Amino acid sequence: MSRNVSINRWNIASRVLAALVGGYAVAYAVTAFLAVYLPLARPDRVVFSSLASFAVWTAVAIYVFAARSATRLWLPIIGVTAVLCLAAFLSGDWRVRP
Amino acid sequence: MKLRQSMAGLHTWGGLLPSWLLFVIIFAGTVACFDKELTRWMRPALHDGVVSSLGADDVRGWLQQNVSEELHAFWMHGPTEREPYWRLGWEVDATKTIHNVAFDPRSAQAEPMAETVGGEFFFKLHYNLHAGDIGMYIVGLAGMFMLVALVSGVIIHRRIFKDFFTLRPKANGQRAWLDAHNLFGVVGFPFHLVLAYTGVAIFVASYMPAAAQVSYSGNVMQYFGEVMGSFEREEVGQPPPAPVSLDALIVESQRQWGGGEAGWVSVHHPDDASAVVDVRRRDRSRIGSPQDTLSYDAGTGELLNRQDASTGYRAYLWLAGLHMAQFGGTLVRLLYLLMGLAGCAMLVGGLQVWLAKREQRGDASVVWVRALNASVFAGLPLASLALLWGNRLIPAGFAERAVAEGWVFAGAWLLVALWSVLRRQQGRRLLREQLLLGAVLALGLPIINALTSDGHLIASLGRGDWVLASVDLFLMVAGLVCAASAWRLNTTPAAAAARGRAARIQEA
């Protein structure tokens, strides 16, 4: 019984952390990625990608609590964040094009 | 766990934990719909509805005579229908402190009115809780919680259409509160979703700096300049020539726009030869006016730049405009006010569902949650009324008068919180007494207004000044509603208990 409670506690803590920190990380990565790759002028890329970030964060928070496993849900969060951030920050001069 | 079950947990806890904070934000935002009308009420000098005849140069003249420090910038706004007086603000270069002054519209010379926090107090409470940048981030996080609670609320709500037409006030406590929570939640849902999203979007540049970091390599000045299409000029470290007339620049701007009104007029580093005057256009016919700022050399009056905002920035302004409700006049603001009140009712209803569920289980710790409820849900409105009392009773010449008003608000709130904690075991009696206090405070305000100014209800109604009269009238209605609720609460405990028993027997 007490083992179940502590598992449950870790389960909740993992999801809360994933919603707050993971959600922000994914939103950050998506924003950075779109700010580079949207086919728009630079000011518009920046504004529209930033405005979309809150929808991404909300979606991740919902996903995190809907996911079946409290540990495996971290895989897509870390994966998406890493891939999109690398694609955004390693795009050379392409990211600062006007 | 099924999707709906996990979403129910998320909705319950993700909604419960920030709900007191969200109540403060939504209540303050609701009051702020009519912040300018409240400011008029709070400044007796504005009660006769005289429109200022000063010009921009008179206002700058006052600044040059009364402020000797070197300024980073100063800015001013002329009289409008809702604010018939000149406002001036400036930032001191060395200390980065910001000062604000409003000028008496009845005076032919620039003469400051008595200090007050004004209706802007609630606007500021709404967006940063009077806690600077930290408060702004806390409000943003609360906004994200609200978005998540709204989305998860829709997912768990199987019968969203049917529940819209369901209200069972005679059902047992939990069911009735759930109906109320659903009713206000569903009616207000589109509004609350849009306002939560546009609310967090306003400070997007602070909350989500990713795009600027990657696309502008973190160069914030370049980012703002390019996105807004605004104009900046480096200081050259030489004394300025004699400045041109600001009033002439306003007239010139109106000519450039082909008519239209000027809004904010700002002067950047006025004590340097590189000083720039910005004249921003005020266009109330649109949700998000593109601002169309014209920048002039402060010494020669030469037009330096015509703002050409990017499409993205126009979209941002539209979202921000949708949130700030400065379009469409009184009717739109009234709708926002009603929807804001629905938001407050949704929060209170949701919390009552949570409480009723736990009370049935005989959970002893719920009294503390009830005490917190009373401290916030009753405390904030009572403190707001106390603020208006402070505004009327603190003498006009009092030093740091606006700060004193703020302390009246904070002190009153602390007292109500203390009262709620001490009386936590007698929730019903506490609620009745708080309602009675609310009635006394609200009904007393039109009277104290009549005693301390010429803008009393009879005078304002006689002039047909509905804007000023409506503040007094609203306070009277609020006071009467409080009194009626207190009276009802006094007469019905036995009846309510009997009804509750009957309902439970029926269900069983």
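The values are calculated or read from the model by the stated rules, or taken from the named source; none is laboratory data. The model shown is predicted, which means the values in this text are computed figures rather than measured ones. In this analysis, Cβ positions are derived from the backbone assuming ideal geometry, glycine residues included, and neighbour counts consider all displayed protein chains.
To keep it simple, each residue is scored yes or no on (1) touching a helix residue (DSSP H, G or I) at 6+ places or on another chain (Cβ under 9 Å); (2) in contact (Cβ under 8 Å) with a residue 60 or more places away in the chain; (3) more than 15 Å from B:LEU388 (Cα to Cα).
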site: B:GLY438; (1), (2), (3): yes, yes, no
site: B:ILE447; (1), (2), (3): no, no, no
site: B:ALA450; (1), (2), (3): yes, no, no
site: B:HIS456; (1), (2), (3): yes, no, no
site: B:ARG463; (1), (2), (3): yes, yes, yes
site: B:GLY479; (1), (2), (3): yes, no, no
site: B:ALA483; (1), (2), (3): yes, no, yes
site: B:ALA486; (1), (2), (3): yes, no, yes
Task: Residue within region B:280-296 that is in contact (Cβ under 8 Å) with a residue 60 or more places away in the chain, more than 31 Å from the chain's Cα centre (by Cα) and more than 28 Å from B:PHE34 (Cα to Cα) present - done: no
TODO: Go through B:SER230, B:SER217 for me and flag whichever is within 14 Å of chain A (Cβ to nearest Cβ), part of a loop (DSSP other than H, G, I, E, B), in contact with a helix residue (DSSP H, G or I) (Cβ under 8 Å, 6 or more places away or on another chain) and in contact (Cβ under 8 Å) with a residue 60 or more places away in the chain.
DONE: B:SER230
Open item on the list: On the basis of being part of a helix (DSSP H, G or I), within 15 Å of B:ILE26 (Cα to Cα) and either in contact (Cβ under 8 Å) with a residue 60 or more places away in the chain or in contact with a Leu (Cβ under 7 Å, 6 or more places away or on another chain) (or both), does B:LEU147 make the cut?
Closed with: no
Open item on the list: Name the residue that is farthest from B:VAL467 (Cα to Cα), counting only residues in region B:1-58 that are touching a residue at least 12 places away in the same chain (Cβ under 8 Å) and hydroxyl-bearing (Ser, Thr, Tyr).
Closed with: B:THR12
Open item on the list: If I ask for residues that are under 24 Å from B:VAL139 (Cα atoms) and more than 33 Å from the chain's Cα centre (by Cα), which ones from region B:201-253 would you list?
Closed with: none
Task: From B:PHE121, B:PHE161, residue being at negative phi, at pLDDT 95 or above and part of a helix (DSSP H, G or I) - done: B:PHE121
TODO: Kindly indicate whether any position in region B:18-38 is within 14 Å of chain A (Cβ to nearest Cβ) and farther than 17 Å from B:GLU115 by Cα.
DONE: yes
Task: Test set (1) surrounded by fewer than 22 Cβ atoms within 10 Å (Cβ to Cβ); (2) outside any loop (DSSP other than H, G, I, E, B); (3) without any contact (Cβ under 8 Å) to a residue 40 or more places away in the chain; (4) among the small types (Gly, Ala, Ser) - B:ALA248 fails condition number - done: (3)
- [ ] With the checklist (1) among the hydrophobic types (A, V, I, L, M, F, W, C); (2) touching a residue at least 24 places away in the same chain (Cβ under 8 Å); (3) within 30 Å of B:VAL227 (Cα to Cα); (4) within 10 Å of another protein chain (Cβ to nearest Cβ) in hand, flag the one item A:PHE48 doesn't pass.
- [x] (2)
- [ ] State whether the residues of region B:359-375 include one that is of a type in the set (Val, Ile, Thr), out of contact with any Pro (no Cβ under 9 Å at 6 or more places or on another chain) and not in a helix (DSSP H, G or I).
- [x] no
- [ ] Examine region B:57-74 for a residue that is touching a Ser or Thr at 6+ places or on another chain (Cβ under 8 Å) and part of a helix (DSSP H, G or I), and state whether such a residue exists.
- [x] yes
TODO: Give region A:57-67 a look and list any residue that's part of a helix (DSSP H, G or I) and more than 7 Å from every other protein chain (Cβ to nearest Cβ), or say none.
DONE: A:ALA59, A:VAL60, A:TYR63, A:VAL64
Open item on the list: Being within 14 Å of chain A (Cβ to nearest Cβ) and of a type outside the set (Val, Ile, Thr) is true for just one of B:ALA114, B:ALA94, B:ALA142, B:ALA108. Which residue is that?
Closed with: B:ALA142
Open item on the list: If the requirement is being more than 10 Å from the chain's Cα centre (by Cα), among the aromatic types (Phe, Trp, Tyr), at the interface with another protein chain (Cβ under 8 Å from one of its Cβ atoms) and under 30 Å from B:VAL194 (Cβ atoms), which of these qualifies: A:PHE89, A:PHE54, A:PHE33?
Closed with: A:PHE54
TODO: Just name the residue that is farthest from B:VAL31 (Cα to Cα) out of those in region B:376-406 that are charged (D, E, K, R) and part of a helix (DSSP H, G or I).
DONE: B:ARG401
Open item on the list: Being under 21 Å from the mean Cα position of the chain (by Cα) and under 26 Å from B:ASP283 (Cα atoms): is that true of B:THR80 here?
Closed with: yes
Task: Selection count, region A:26-51, where residues are of a type in the set (Gly, Ala, Ser) and under 14 Å from B:MET144 (Cβ atoms) - done: 1
TODO: From A:ASP93, A:ASP44, grab the single residue that is among the acidic types (Asp, Glu) and surrounded by 14 or more Cβ atoms within 10 Å (Cβ to Cβ).
DONE: A:ASP44
Task: Among (1) surrounded by 17 or more Cβ atoms within 10 Å (Cβ to Cβ); (2) not in a loop (DSSP other than H, G, I, E, B), the one test that B:THR330 misses - done: (1)
TODO: Of all residues in region B:279-322, count the ones that are within 13 Å of chain A (Cβ to nearest Cβ), of a type outside the set (Lys, Arg) and either part of a helix (DSSP H, G or I) or surrounded by fewer than 17 Cβ atoms within 10 Å (Cβ to Cβ) (or both).
DONE: 11
Task: Total residues in region A:68-86, condition outside any helix (DSSP H, G or I), in contact (Cβ under 8 Å) with a residue 24 or more places away in the chain and within 11 Å of chain B (Cβ to nearest Cβ) - done: 1
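The rows are residues; the columns are (1) modelled with pLDDT under 95; (2) surrounded by fewer than 22 Cβ atoms within 10 Å (Cβ to Cβ).
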| position | (1), (2) |
| --- | --- |
| B:LEU3 | yes, yes |
| B:MET7 | yes, no |
| B:GLY15 | yes, no |
| B:ILE26 | no, no |
| B:VAL31 | no, yes |
| B:HIS47 | yes, yes |
| B:VAL51 | yes, yes |
| B:LEU63 | no, yes |
| B:PRO79 | no, yes |
Open item on the list: Between B:VAL265, B:VAL276, which is farther than 22 Å from B:LEU319 by Cα, touching a Ser or Thr at 6+ places or on another chain (Cβ under 7 Å), modelled with pLDDT of 95 or more and surrounded by 13 or more Cβ atoms within 10 Å (Cβ to Cβ)?
Closed with: B:VAL276
Open item on the list: Quick check on region B:409-459: of everything there that is of a type in the set (S, T, N, Q) and over 23 Å from B:ALA28 (Cα atoms), which residue is surrounded by the most Cβ atoms within 10 Å (Cβ to Cβ)?
Closed with: B:SER453
Open item on the list: Go through region B:94-105 and report how many residues are in a loop (DSSP other than H, G, I, E, B) and buried (at least 16 other Cβ atoms within 10 Å of the Cβ).
Closed with: 2
